[in-house]
Structure formats: structure tokens, C-alpha cells
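Working notes, structure below.
The values are calculated or read from the model by the stated rules, or taken from the named source; none is laboratory data. What you are looking at is a predicted structure, and each value in this text was computed from that prediction instead of being measured. Cβ atoms come from the backbone with ideal geometry, glycine included; neighbour counts cover every protein chain shown. For accessibility, only protein heavy atoms count, side chains too; no ligands or nucleic acids. Shrake-Rupley method; radii C 1.70, N 1.55, O 1.52, S 1.80 Å.
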Amino acid sequence: MSEAAKPAASVPTSHRVRLHGQDRSPRGPLLRRADRPLAHPLRYRQRPHAPELIRAFGILKKAAALVNQDLGKLPHEKCSLIMQAADEVIEGKLTEHFPLRVWQTGSGTQTNMNVNEVISNRAIEIAGGELGSKKPIHPNDDVNMSQSSNDTFPAAMHIAAATETARRLLPALKNLRDALDGKAREFADIVKIGRTHLQDATPLTLGQEFSGYVNLLERDGGRIAVALDGLYDLAIGAPPSHRPQRHPEFAERAARKISESPASLSAHIPTNSPRSPPR
């Protein structure tokens, strides 16, 4: 038997009888239904989703719970429990309970299920209930209320990409641009020979050369800003064919709630707006 085909013996399993037969699937204590893909050894050896995506899912689920509460669809007690569990997801405290690998259906169904079940079971723990009982928090009826994997997964990807671009990439780009600009000023009086087709050409200063790097980074920042603007569109708000009980105001309210979240993009936009190149 090849190394890749050997089962992961050290991984805890759950034994269940399903309508289509029995199976043994690796799982963690907060993951119950969405763990079936882990029974496939090749898939289990792949890398799981990036923590930034899981964090974005926590932001999304918390916002959805708040909106459903505001719309009178989710009781305050349930919303509070979901929010507490979602906060732990956002803070990275439950990372070990998200083992599913990136290989899955195009809609991201099993990852959405993974998030729903972890938040549900953690909320049940907080409430002093029994894991897997779905009481008082049901993973689908409560955590996934008014949502579908077809909208939550792309929305989470947009949240993660936009947040990390604003929080990490653009500030790093600005720091590099500023450092090179400082060198351009420092080297302003150092004259060097220009080169064209491997031959000596018109002299220029080393500062002028570095100013070219600065200009390129400024233009790159502008291009990133254009791409970032497109990430602000969120797919959240499942179509009626998936969630007929969704309130007509859910989508717009959820997007607004996500944008207002201190854990999401709005808290990490650098001083220079990502819609314009670094200055």
C-alpha cells in the first residue's frame, strides 16, 4: 500500500449508520456532519483552508445572526450564543475544528457546513447543552438562517481577500514605496552612467533610478485599488430558490453589518484609501 493510500490511524473517528450505508469519518468534537470528506486519505493529506477564510466566515455568520435578530427571525438568546461562538472563530480559538481541505464542490458546501456545525456545537457548549443535540442552536435552521453555501462561500472569500489586502498588502506596499522614495532623495546627487542595450548611455542620478521604482509601486497600488473595489460586492443573501424564508431586507442589511464590523475590512483600511494609489 502506498504512503498516500494509508489511512490516518491517529485521527479520531465517528461511526455512524446512514441511509446509504455505514462509514467511519475522522472528526473533531465540534464537527459532526460535515466531516465525511476526511474519510478519504488523499484529501485528508492536503492543506486546509487558510485561517483568513475561516475568520471571514465567522464575521459573516455573526453579522447574519445580528440581522436575523433585528428582523425578528432569530430570538435574542440564540443570537447571543451564535455571536459568542462566532467571536471565537474570528479570534482563531477554534481553528483546530476546521480540518476540511480545499478540495470540494464548487459551491463550498462542506466548508459552510463545517462552520455552521462548529458554531452550533460551540454555542451549545456555552449554553451547557449536549454536543450534537442541535439544541438550543441548530446548525442549519439557526446559524445558516437565510443563507446558502452558494452565497456564503463566495462572500467569505471576498471578505477575506478585501480585509487582507487592506490590512496587510496595501500597508506593506506603502512602506516599500516610502522606503524607496527615501532612497531616491538620499541618492539624488549620486551620478551614474545610464545603460541602453548593454552600452553606456546618458548619465542619470541614482536617485532618478530609484524614483522609477517609486512610480511603478504607486501605479501598482492604483491597480490593486481597482481590484479591491470589486471585492466589496458580496454575494450574501441566498436566492429564494435556496432560502425561501429569507427576509427581503436580509441581503442589504447583512452586507451593511459586515462592513460595519470592527473585525472586517472597515477596521483595517490604511490612511491612504485603497481606492487610490499609495502616496
Quick one: L176 ticks every box in (1) farther than 27 Å from L53 by Cα; (2) open to solvent by 40 Å² or more (accessible area, probe 1.4 Å) except a single one, so which number is it? (1)
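Among the listed residues E130, E96, E117, identify the single one that is in contact (Cβ under 8 Å) with a residue 12 or more places away in the chain and out of contact with any His (no Cβ under 9 Å at 6 or more places or on another chain).
Values: E130 fails: in contact (Cβ under 8 Å) with a residue 12 or more places away in the chain; E117 fails: out of contact with any His (no Cβ under 9 Å at 6 or more places or on another chain).
So the residue among E130, E96, E117 that is in contact (Cβ under 8 Å) with a residue 12 or more places away in the chain and out of contact with any His (no Cβ under 9 Å at 6 or more places or on another chain) is E96.
Test L228 against the criterion of being at pLDDT below 95 and in a loop (DSSP other than H, G, I, E, B), and give yes or no.
no
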Test: residue in the range 195-210 that is assigned to a loop (DSSP other than H, G, I, E, B) and under 30 Å from A155 (Cα atoms): no
Residue list for the range 58-79, restricted to those being open to solvent by 10 Å² or more (accessible area, probe 1.4 Å) and part of a helix (DSSP H, G or I): K62, L66, Q69, D70, H76, E77, K78
